[in-house]
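Q: Here you go, one structure.
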Amino acid sequence: GGVVVVEAAVLLEAGWDDLCDEVWVVRVPEKVALERLRKRNGLSEEEARKRIRSQWPNARRTPLGHVVISNEGGEGECRGQ
């Protein structure tokens, strides 16, 4: 057997989790997500908020994850989990 990794921001919202043996959820505070999204994509604050609100909040996604990764720090902190 092989391993397939699916990176999908709205995997749970789309109901695709039933196609997966494991779901890994990455948590990030909304403020941090806003800052990163604006910087990476050059979005206005309103555009970034709209994109984030199209996804389920951490409180709804976290209980559905087999593995939960906190991504509020730097890349090194995230990789160390």
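Q: So which GluC sites (Glu not before Pro) in segment 1-49 pass both tests, a DSSP loop state and at most 12 other Cβ atoms within 10 Å of the Cβ?
A: Working: sites: E7, E13, E22, E30, E35, E45, E46, E47; in loops: E7, E13, E22.
Here the sparse-neighbourhood loop sites are E7, E22.
Q: Given H placed on each backbone N at 1.01 Å, which residues far from V25 in sequence or on other chains put an amide H within less than 5 Å of it?
A: So V25 has HN proximity to H66, V67, V68, I69.
Q: Could you pull the accessible area for L43 with a 1.4 Å probe, rounded to 10 Å²?
A: Accessible area of L43: about 30 Å².
Q: Can you give me the Kirkwood hydrodynamic radius for the chain, using every pair of distinct Cα atoms, in Å to one decimal? The partial results should precede the final answer.
A: Values: mean 1/r = 0.0719 Å⁻¹.
One decimal place: 13.9 Å for the Kirkwood radius.
Q: Just the accessible area per residue of the chain, please: how many Å² with a 1.4 Å probe?
A: On the way: 6410 Å² over 81 residues.
Accessible area per residue, the chain: 79 Å².
Q: In addition: Carbon and sulfur atoms: what percent of the 1.4 Å accessible area of the chain do they account for? Mind showing how you got there, number by number?
A: On the way: 3210 of 6410 Å².
Ligands and nucleic acids excluded, carbon and sulfur reach 50 percent.
Q: A follow-up question, please. How far is helix 30-41 tilted off the main Cα axis of the chain, in degrees rounded to 10, range 0 to 90?
A: 80
Q: Rank W56, W16, W24 by mean-square fluctuation in a GNM of the chain with C-alpha springs under 10 angstrom and give only the top-ranked residue.
A: So, out of W56, W16, W24, the one fluctuating most is W16.
Q: Heads up, I need the accessible area for V67: 1.4 angstrom probe, whole protein in place, Å², nearest 10.
A: Using a 1.4 Å probe on the heavy atoms, I get roughly 50 Å².
The values are calculated or read from the model by the stated rules, or taken from the named source; none is laboratory data. If you're wondering where the values come from, they're calculated on a predicted model, not measured in any experiment. Positions of Cβ are backbone-derived with ideal geometry, glycine not excepted, and every protein chain shown enters the neighbour counts. Heavy atoms of the whole protein, side chains included, go into the accessibility calculation; ligands, DNA and RNA do not. Shrake-Rupley method; radii C 1.70, N 1.55, O 1.52, S 1.80 Å.
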